[in-house]
Amino acid sequence: MNDSKICISCNKPVEENADSYEVFEKMHWLCFHLEFEHSGDPDRACDDVSCPWFHIQILKDKLSTLGYDPQGIIHEAIEKLCNEALQHNK
Ligand SMILES: [Zn+2]
Ligand SMILES: [Zn+2]
């Protein structure tokens, strides 16, 4: 267990990247990225190649190029989740 690993930026437990806790200066990877690598508005893609927003943007652009609607795919996934939740509650 990694019960003692708490992010010094957001004070929430570090679980997914607990092995890299020291590498990311005792932070979540995302908190580390926002603190040291991300420039500008946190809600917008930055120039850093590891930026999650940048990755999402690339994937959306590629899907669009392939003729898919990224927003439609997300709506589909949400509907599926809702349906599954309904099934579980029966
Ligand atoms: Zn954090
Ligand atoms: Zn970024």
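Just so you know, all these numbers are worked out from the coordinates, no wet-lab data involved. Since the structure is predicted, the reported quantities are computational estimates derived from the model, not experimental observations. Positions of Cβ are generated from backbone atoms using ideal geometry, with glycine treated the same way; all protein chains shown enter the neighbour counts.
Observations, loosely collected:
- Within straight-line cross-link reach of Lys12, lysines at Cα separation under 25 Å, skipping those fewer than 8 residues along the same chain: Lys26
- A Förster radius of 35 Å combined with the Cβ-Cβ distance from Asp69 to Ile6 puts the calculated FRET efficiency at roughly 0.30.
- Computed from the C-beta positions of Lys80 and Ala45 and an R0 of 22 Å, the FRET efficiency is 0.25 to the nearest 0.05.
- Enclosed volume per residue, in Å³, of the convex hull spanned by Cα atoms of the stretch 49-90: 73
- Nearest 10 degrees, 0 to 90: helix 52-65 Cα axis against the chain principal axis: 20
- Of Pro42, Thr65, Phe54, farthest towards positive along the dipole that unit charges on Lys, Arg, Asp, Glu beta carbons give the stretch 40-90: Thr65
- Cα-based Rg / Dmax (Å) for the chain: 17.4, 47
- Between Lys62 and Glu35, the modelled labels are 3.0 nm apart [label points 7 Å from Cα along Cα→Cβ].
- Degrees, to the nearest 10: 70-88 long Cα axis against longest axis of the chain: 90
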